[in-house]
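Working notes, structure below.
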Amino acid sequence: MSNVFWGVHTALTKVQFASVLVIGDSWVWYPVDNLARELGSLFPSETFVVIGKNGAEAADWSQGTRKSIDFGFEMFASSCKALILSGGGNDVAGQDDFLRLLQPDCSAFKTVSECWRQTQPRAVITGIMNAYREVIVRFRAYNPHAPVVLHNYDNAWPTGKGFFGPADWLKVPMDIAKVQGTPLRRDIFKFLIAALGDAQDALAREGGLGPIIAVQTAGELPETGPEGWWANELHPTPKGFRRIAHNRLLPPLELVLS
């Protein structure tokens, strides 16, 4: 898209103004398609500048990508109309991150609640929300009024499929933890995504952080299976990204960007 720029330096060679700043992970960076590309298509008169990287965790906003985010804020934040945050998925997906949430042997368990380690997933969700707060506070130093828009992904399927070949995002850690059966595996991830959405809703009501819009994107893609809607364990197909952007993110952003 000619109105979507990945990276601040790339944007600065083309534009002086960003309508929308986007900070996040592969849901706004994925090379085949992503939410930023679809939103750019829905709002062709707006300019989107995307900061972050594939595989980024929310914690990276105050660590590995902090300098690029702060540079983006310095260049574009004061006059932008909205900030979109896409983060938290990589904090729970992947062999290391997912296994810290699950009991080491879930083979005898029948319910989602039995499968969690003590204090999880509450502890990891709390850490993700702290990362959200920290980056929002930094944004508010430049722009106290523009809405911050959040989303909670969608209910991915633990198929083991990756971008090129197998992936270890969801199925592999569930295999290692001996989670039994597709329905329970799916419910575990759906529970995580719902918990992220609930935490985002609570953050939006918290006060002191300016206007925040928590968009519940989870549940938009059909429950009939991953075929046609999911490219792999974590990322929708272009059709899937397009449906989420149009049906869930377009309505609130129309109000913000009008």
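The values are calculated or read from the model by the stated rules, or taken from the named source; none is laboratory data. This one's a predicted model, so the numbers in the text were calculated from it and none came from an experiment. Positions of Cβ are generated from backbone atoms using ideal geometry, with glycine treated the same way; all protein chains shown enter the neighbour counts. Heavy atoms of the whole protein, side chains included, go into the accessibility calculation; ligands, DNA and RNA do not. Shrake-Rupley method; radii C 1.70, N 1.55, O 1.52, S 1.80 Å.
The set of residues in segment 178-200 that are polar (S, T, N, Q) and either open to solvent by less than 60 Å² (accessible area, probe 1.4 Å) or over 12 Å from CYS106 (Cβ atoms) (or both) comprises THR182, GLN200. Taken together, the residues in segment 227-258 that are in contact with a His (Cβ under 9 Å, 6 or more places away or on another chain) and either open to solvent by 40 Å² or more (accessible area, probe 1.4 Å) or free of Cβ contacts under 8 Å to residues at least 40 places away in the same chain (or both) amount to 1. Going by what's in this entry, would LYS190 be described as more than 19 Å from GLN95 (Cβ to Cβ), in contact (Cβ under 8 Å) with a residue 24 or more places away in the chain and either in a helix (DSSP H, G or I) or in contact with an Asp or Glu (Cβ under 6 Å, 6 or more places away or on another chain) (or both)? Taking the combined requirement at face value, the residue satisfies it.
For (1) of a type outside the set (Asp, Glu); (2) farther than 25 Å from PHE43 by Cβ, each residue gets a yes or a no:
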{"residue": "ASP175", "(1), (2)": "no, yes"}
{"residue": "LYS190", "(1), (2)": "yes, yes"}
{"residue": "LEU221", "(1), (2)": "yes, no"}
{"residue": "THR237", "(1), (2)": "yes, no"}
{"residue": "SER258", "(1), (2)": "yes, no"}
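Scanning segment 10-41 for residues that are polar (S, T, N, Q) and open to solvent by 60 Å² or more (accessible area, probe 1.4 Å), which turns out nearest to GLY162 (Cα to Cα)? Among them, the one singled out is SER41.
Considering (1) open to solvent by 40 Å² or more (accessible area, probe 1.4 Å); (2) at pLDDT below 95, the lone condition that TYR142 does not fulfil carries the number (2).
Residue check: is PHE163 open to solvent by 20 Å² or more (accessible area, probe 1.4 Å), more than 18 Å from ALA59 (Cα to Cα) and either not in a loop (DSSP other than H, G, I, E, B) or not small (Gly, Ala, Ser) (or both)? Here the answer is yes, as PHE163 does meet what is asked. Only one entry of GLY219, GLY228, GLY210 meets the criterion of being closer than 29 Å to GLN120 by Cβ and either in a loop (DSSP other than H, G, I, E, B) or under 15 Å from the mean Cα position of the chain (by Cα) (or both), and that entry is GLY219. Taken as a whole, the condition of being at pLDDT 95 or above, over 30 Å from ALA82 (Cα atoms) and surrounded by fewer than 19 Cβ atoms within 10 Å (Cβ to Cβ) applies to ASP175.
Filtered by the rule that a residue be under 15 Å from ILE84 (Cβ atoms) and either among the small types (Gly, Ala, Ser) or touching a strand residue (DSSP E or B) at 6+ places or on another chain (Cβ under 7 Å) (or both), segment 132-146 gives TYR132, VAL135, ILE136, PHE139, ALA146.
With respect to LYS110, determine if the residue is part of a loop (DSSP other than H, G, I, E, B), touching a strand residue (DSSP E or B) at 6+ places or on another chain (Cβ under 8 Å) and basic (Lys, Arg).
When the stated conditions are applied, LYS110 does not pass them.
Here THR47 meets each of (1) hydroxyl-bearing (Ser, Thr, Tyr); (2) modelled with pLDDT of 95 or more; (3) open to solvent by 30 Å² or more (accessible area, probe 1.4 Å) with one exception, condition (3).
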